[in-house]
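The values are calculated or read from the model by the stated rules, or taken from the named source; none is laboratory data. Keep in mind that what you see is a predicted model, and the values were worked out from it rather than measured. Note that each Cβ is placed from the backbone with ideal geometry, even for glycine, and that neighbours are counted across all protein chains shown.
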Amino acid sequence: MGKYFGTDGFRGEANVKLTVEHAFKVGLYTGWYFGAHAGKKAKVVIGKDTRRSSYMFEYSLVAGLTAAGADAYLLHVTTTPSVSYLVRSDDFDCGIMISASHNPFYDNGIKLINSAGNKMEASVEDLIENYIDGMGPDIPFATGENIGRTVDYASGRNRYIGHLISLATRSFKDKRVGLDLANGSATTVAKGVFDALGAKTYVISNEPDGTNINTGCGSTHIEGLQKFVVENGLDVGFAYDGDADRCLAVDEKGNVIDGDQIMYICAAYMKERGELNGNTVVTTIMSNIGLYKALDKLGIGYEKTKVGDKYVSECMAANDFSIGGENSGHIIFRKHAVTGDGVLTSLKLMEVMLEKKMKLSDLASPMRIYPQVLKNVRVGDKAATLGDADVKKAISASGERLGDGGRILVRESGTEPVIRVMVEAGTLEECEKEVDSVIEVMKTKGHVIG
């Protein structure tokens with residue numbers, strides 16, 4: 001990860017870590033860079049979520065882009081996957097999404113998307129970082145007819161909605177569906193899709209005011225949707241995050257169906273239909289051991305990547321795999337998208353329910369979610385901690401005790417002086433015991449601070 005750009009863009013508190021000056025420079029460099037490489041005016045499509053600061057960053061990015069001679073096409077409030085879709089389908093040089101995803105409203109972010117609809121290459125982000133820090137080229141402002149223009153491109157978002165509707169295999173007639181829109185980007189997309197497909201749609205968190213995005217709602221606070229589904233006797237519920245690239249579900253009994261369970265349900269269905277390329281599901285190392293055990297029973301293989309849907313997408317592209325994702329709800333259906341798409345994920349779950357004529361609880365029942373405990377330990381030196389022979393011995397001993405009935409995962413944070421110790425086992429008590437056994441060795445050896 002770079003100085004400003006992480007695995008999911010340039011993110012931080014608005015006008016503290018990520019400022020309007022940063023946004024202007026990102027726009028100016030991006031407009032100049034892609035125009036220079038294309039040998040003509042660059043075309044850049046921009047979307048934003050509902051945060052109050054998103055308008056500020058939109059205008060700053062547009063000022064930079066047009067000052068560099070690029071044309072900026074504005075989708076207004078829309079989802080991250082819609083930007084990815086339109087970059088690919090409408091031949092844009094790149095896309096920009098203004099969002100901090102599931103973060104609170106006072107944070108924001110700038111996600112750069114390349115012409116293939118994927119997250120921007122690190123090499124380009126490095127060039128932008130250098131420019132922000134005054135180490136890049138002297139970019140001249142465009143003049144006269146070379147100054148860029150803005151284009152209202154709300155029609156692009158509508159075409160994306162039409163694309164989603166076209167993917168449904170059956171009508172949703174008479175299905176009672178709850179949607180938690182997180183007061184975010186999904187408010188302009190999801191209900192229209194489900195209504196068009198004939199569902200009886202019941203919506204919560206659909207009144208964004210600039211400060212309530214993700215606040216007690218959405219995929220990170222799904223308890224509201226659980227209660228809503230049960231109280232209203234709904235068949236299923238779907239919860240999205242701020243920019244709608246994640247989806248978690250709630251079954252008719254009010255149980256949460258997380259990303260691992262969604263991948264299990266959809267992979268099993270795809271295998272039955274001969275649509276599971278390579279007979280493989282791509283996960284991250286944080287997926288629950290229960291997913292792997294359930295896939296083993298079905299004879300389905302799996303790959304494990306580093307944490308981040310970026311790495312899942314790269315693995316899928318390199319091997320032409322069909323489905324992959326994270327337990328947080330970033331699910332990629334590569335036949336239809338190259339990035340996580342929350343609304344698409346909910347449509348694919350509806351497809352399985354309708355085609356198999358089964359309730360979501362029954363589809364998920366063969367997979368057992370193992371209890372998990374994760375503790376973050378602040379240390380003086382991450383490398384020294386993980387390289388300590390006694391710490392290694394403690395981790396190994398814990399793994400041996402867990403055997404096939406669990407697992408331990410110890411990894412360092414990419415952004416903080418923190419070691420994450422995670423254990424999955426048959427009971428929470430066993431998880432706690434094994435996590436604490438490793439942390440105690442770290443403390444004894446003097447690695448833990450604070």
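Quick notes
Residue-wise test of (1) β-branched (Val, Ile, Thr); (2) over 16 Å from the mean Cα position of the chain (by Cα).
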residue: Ala186; (1), (2): no, no
residue: Ile204; (1), (2): yes, yes
residue: Val229; (1), (2): yes, yes
residue: Phe238; (1), (2): no, no
residue: Gly242; (1), (2): no, no
residue: Val282; (1), (2): yes, no
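- Those residues of segment 210-226 which are out of contact with any Asp or Glu (no Cβ under 6 Å at 6 or more places or on another chain) and touching a residue at least 60 places away in the same chain (Cβ under 8 Å), in sequence order: Gly210, Thr211, Asn212, Ile213, Asn214, Thr215, Thr220
- For segment 330-360, the set of residues classified as among the hydroxyl-bearing types (Ser, Thr, Tyr) and either touching a helix residue (DSSP H, G or I) at 6+ places or on another chain (Cβ under 7 Å) or not assigned by TED's automatic domain parsing to the domain that holds Ala267 (or both) consists of Thr339, Thr345, listed by residue number.
- Note on segment 104-214: enclosed helices (runs of 4 or more DSSP H) holding 1 or more residues that are closer than 16 Å to Cys247 by Cβ and modelled with pLDDT of 95 or more are 154-167, 190-196.
- Residue check for Val189: closer than 23 Å to Pro104 by Cα, surrounded by fewer than 23 Cβ atoms within 10 Å (Cβ to Cβ) and aliphatic (A, V, I, L, M): no
- For first residues located in segment 231-245 and within 12 Å of Leu360 (Cα to Cα), partners that are of a type in the set (Asp, Glu) and surrounded by fewer than 22 Cβ atoms within 10 Å (Cβ to Cβ) and lie 6+ apart or on another chain with Cβ distances below 6 Å form the pairs Asp235/Glu252.
- Residue identified as surrounded by 15 or more Cβ atoms within 10 Å (Cβ to Cβ), within 30 Å of Tyr4 (Cα to Cα) and β-branched (Val, Ile, Thr) among Val410, Val352: Val410
- Scanning segment 437-450 for residues that are in a helix (DSSP H, G or I) and exposed (fewer than 15 other Cβ atoms within 10 Å of the Cβ) gives Glu440, Lys443, Thr444.
- Counting only helices (runs of 4 or more DSSP H) that sit wholly inside segment 16-93, those with at least 2 residues that are without any contact (Cβ under 8 Å) to a residue 60 or more places away in the chain and in contact with a strand residue (DSSP E or B) (Cβ under 8 Å, 6 or more places away or on another chain) are 52-67, 80-89.
- Within segment 1-45, restricting attention to residues that are modelled with pLDDT of 95 or more and of a type in the set (S, T, N, Q), the residue that is surrounded by the most Cβ atoms within 10 Å (Cβ to Cβ) is Thr30.
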